[in-house]
1. Mind jotting down the distance between the C-alpha centroids of the stretch 238-293 and the stretch 104-147, whole Å?
2. Would you be so kind as to identify which of 381, 324, 360 lies farthest towards the positive end of the dipole of the stretch 301-399, taking Lys and Arg as +1 and Asp and Glu as -1 on Cβ and the Cα centre as origin?
3. In percent, how large is the relative contact order of the stretch 272-399, given Cα pairs closer than 8 Å and 6 or more residues apart?
4. Relative contact order, percent, of the chain when contacts are C-alpha pairs under 8 Å separated by at least 6 residues?
5. Identify which of 236, 351, 131 has the largest mean-square fluctuation in a Gaussian network model of the chain, with springs joining Cα atoms closer than 10 Å.
6. Explain nothing, just the number: dipole magnitude of the stretch 166-318 about its Cα centre with +1 on each Lys and Arg Cβ and -1 on each Asp and Glu Cβ, in debye rounded to the nearest 20.
7. Just how large is the dipole of the chain about the Cα centre, in debye to the nearest 20, putting +1 at every Lys and Arg Cβ and -1 at every Asp and Glu Cβ?
8. Where a ≥ b ≥ c are the square roots of the eigenvalues of the C-alpha gyration tensor, would you call the stretch 1-76 rounded, which needs a/c under 1.5, or, failing that, prolate if a/b is larger than b/c, or oblate?
Amino acid sequence: MKLDPIVISLLDTDLYKFNMDQVIFHKHTDLNGEYYFRCRNEGVVFTREMFDEINAQIDHLCALTFTRDELDYLRSIRFIKSDYVEFLRLWRPLRDYVETSLSDSGELGIVVRGPLFSAMQFEIYLLEIVNEVYFRMRYDYDTLRASARKRLDEKIEGFRSGRYTFKFAEFGCRRRLSREWEDEVVRCLAAQTDNCAGTSNVYLAKKYNLTPIGTYAHEFVQMYQGIDSIPLAYTNHYALEDWYDEYRGDNGTALTDTVTTDLFLLDFNRAMVNNFSGVRHDSGDPYVWGEKLIAHYEKYGVDPRSKQLLFSDSLDFDRAQALYDHFRDRIRVSFGIGTFCSNDTSEAPLNIVIKLQTVNGHAVAKLSDSPDKAMCRDEVYLEYLKRSVDFRLRRSEEQ
């Protein structure tokens, strides 16, 4: 079974890939990284036919370059700088950076190795490819799409009836059913409701004249763990400093949980509280997290209503509405909702990730606020990182 090209534009990725890459391009071109694929679902088997199709799709991806029109669009985003766009004019994904494997039991392996400014760009494209190949070749696609259509219609009716009143951005690139279905979802949500504030997908934002939304991911903070001169427990400090230096508050939603929110708050000082417009939640109890952030703003005399909480952890619309109702009178609330928008069908979605695991030969890790979300190939390093974080937290309590 031969599929049509899945990635047809290098804009078909999350905005935060460009945001992070611009900082790396300006400040950290000496970093090299390794990214590893993982499927968190039990019992998922990739066939040899799927594996061959995934490789063919990666070959096609690596033949793409940015068009003049696409580069002009990137230039139109106010915080994307001209020298970085010129770099993208010369850049393309290199096939040599991607290694794939398939075990006898059907376990898919993908490793991306290369300069961080280039290797990091593969993540979303590869997840889009893997997900679409799996669902088109494992199931009857028309049946899946029909079930997705029915559920999308119900979601839209939920907004029209007033059941749902919150604003959100579509964050569904990485685990979408297909390219054409994410396109349909974004088009319908934007045209038929007043609640879709934009999308993380830059290609669809351009196509439908929507706001592209996103700041940075865990990998941005993780990469500082691979810089020898930076103490492990201070990676958030240096990440926040570099981000502010690059964007001067114009692209300012901070992700709190890479090495736990409690540690993040030690570095989210008065200056950073004022410099960043809000914070993003991606693990742990969202209500506990929200209360903690509101208290943090109040500690510095900042009216929480001038800041934003962006929730993005495995949300559906009912959970989002409950969070909105809980916090809306005290702080601005928004949501990034991914798989529930782009791959809500009669079959369970894949929980697939591609995570940064080494930088310049050093292991790196995400701790998060949910222990089951921690990911590191080096258990010794992971324990060392945890001890470093705990030591700084204890020391701050004693002061």
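1. With the stretch 104-147 and the stretch 238-293 each reduced to a Cα centre, they are spaced 30 Å.
2. 360
3. Values: 122 pairs, mean separation 25.1, N = 128.
Across the stretch 272-399, relative contact order equals 20 percent.
4. Values: 665 pairs, mean separation 88.8, N = 399.
Computed over the chain, the figure is 22 percent.
5. In this elastic network of the chain, the residue with the biggest mean-square fluctuation among 236, 351, 131 is 351.
6. So the dipole magnitude of the stretch 166-318 works out to roughly 380 debye.
7. Numbers: 51 positive and 64 negative charges, 171 e Å.
For this selection, approximately 820 debye.
8. On the way: a/c = 2.53, a/b = 1.46, b/c = 1.73.
Oblate shape, in that a/c is at least 1.5 and b/c is the bigger or equal ratio.
We did not get these values from a lab; they are worked out from the coordinates using the rules stated. The shown structure was predicted, so the numbers you read here are calculated from the model rather than taken from an experiment. Cβ: placed from backbone, ideal geometry, glycine included. Neighbour counts: every protein chain shown.
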